[in-house]
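Here is the structure we will look at.
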Amino acid sequence: MIRFGAWSTTLGLAAGFGALIAVLLLTASVNRSANRLLAALLAVATLRLMPYVIGYAGFYDAYPWLSFAPFDLGLATGPLLYLYVRRLATPALPPRWGWHFLPAALDFAYNAWAFALPIAAKERWHDDVHRPWIEPVEAAAALVSLGIYLGAAIRFSRRYRRWLAEHVSDHDVHRQPWIGTVLAALSLWLAVGVGFEIVDRFVRDLNYFDRFPQYLAFAAIVLWLGLEGWRHASHRFPPLSERVTLSAATRAAAAAASPETVPTPMEPARDWSALATQWLAEIEAAGWWREPGLTLEQVARRLGTNESYVSRAFNAGAGRNFNFAVNALRVHAVQQALASGDARGVLAIALECGFSSKASFNRVFLAHAGASPTAWKAAQIAEIRASSEI
């Protein structure tokens, strides 16, 4: 008898919500490729709930032919996570990205084959082969795969944050916790899965009903990912250039290995300190620093050179990176306006000077001036008053 009780209804509502958000993400007009990967990730997570949604409702008892229905695509979770995080921050997916899904495709083909067996053969296969031999391998492979791809996604995320700090003047705006939220959600998914598998294999066999807390946790993660994923679906992250990043890393390694640059016939010696001074003066005179979201790539193009040279000039020649140098110009301009008695609000001045948000401005100003904008302004007023009384 089919009956949706509290357990099946709870999981069913989470699955329905996940499916709805997945469909909405497919229709998003911004970040289309990345949002489609997130939609696929939500769909895989939602399908993972389905055997328990219909199982607790009695479908498998009423329709035994449903066994082996290929709902569980756990081997696709890790690749989808990794490719989604990469696609948020890069202009395109990596070459031959489809091969990441080969294990998931093979597992799906196996379950589809078993699902097509006659019921009697299906039950024998489940009891004699699948349950004792294949099911443990499937569960372990899915967890190992997720762990490997999760580690790769975390490493990429850290590298991207370092790149942002070096190449984007308002990188604080893009440090919102969405990528961290995705990684945290899938880390929790992995921890819950590993915990229940350890109990099942080494403590006691877990039956269908013992697994409810595990799938309740999965349902909560689906809700969390769906809500936050839709909320951040339209945020554009500055695209990381793999070619430029690798080139800069290679040059940095070469510079570290040989501190004194030896000129070659193809590349004469450069005075990086002089170049940094010259280029910083050009940036200041042209007023490019007033542009929110100014990037190293844009500045290099306007200066008629490449990112590697500009980055090296600031780091080796000026002793500070591009982001710090540009924000120093912005903070100095704000200080000049505040000291001159500009009647406008601090935030209005900050936005005019190239800061893109109040939070970003406050963090950068504190880092450069050693005090908050309000405290710095109050100190200037007090200093002026003290000078006038002398």
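Restricting attention to segment 342-351, does a residue exist that is farther than 19 Å from ASP170 by Cα and buried (at least 17 other Cβ atoms within 10 Å of the Cβ)?
Taking every residue of segment 342-351 in turn, none turns out to be farther than 19 Å from ASP170 by Cα and buried (at least 17 other Cβ atoms within 10 Å of the Cβ).
Kindly evaluate LEU183 against the criterion of being in contact with a Gly (Cβ under 8 Å, 6 or more places away or on another chain), in the same structural domain as LEU24 (by TED's automatic domain parsing) and either at pLDDT 90 or above or part of a loop (DSSP other than H, G, I, E, B) (or both).
The answer is no for LEU183.
Are there helices (runs of 4 or more DSSP H) fully within segment 1-69 with at least 2 residues that are free of Cβ contacts under 8 Å to residues at least 24 places away in the same chain, assigned by TED's automatic domain parsing to the domain that holds LEU88 and hydrophobic (A, V, I, L, M, F, W, C)? List them.
It comes to 6-26.
Restricting to segment 271-317, and then to whatever is acidic (Asp, Glu) and touching a residue at least 40 places away in the same chain (Cβ under 8 Å), can you tell me which residue is surrounded by the most Cβ atoms within 10 Å (Cβ to Cβ)?
GLU307
Of these, GLY5, GLY18, GLY55, which one is modelled with pLDDT under 95 and crowded, with 17+ Cβ neighbours inside 10 Å?
Exactly one of GLY5, GLY18, GLY55 is modelled with pLDDT under 95 and crowded, with 17+ Cβ neighbours inside 10 Å, namely GLY55.
The values are calculated or read from the model by the stated rules, or taken from the named source; none is laboratory data. Worth saying up front: this structure is predicted, and the values here are computed from it rather than measured. We place every Cβ from the backbone using ideal geometry, glycine too, and count neighbours over all the protein chains shown.
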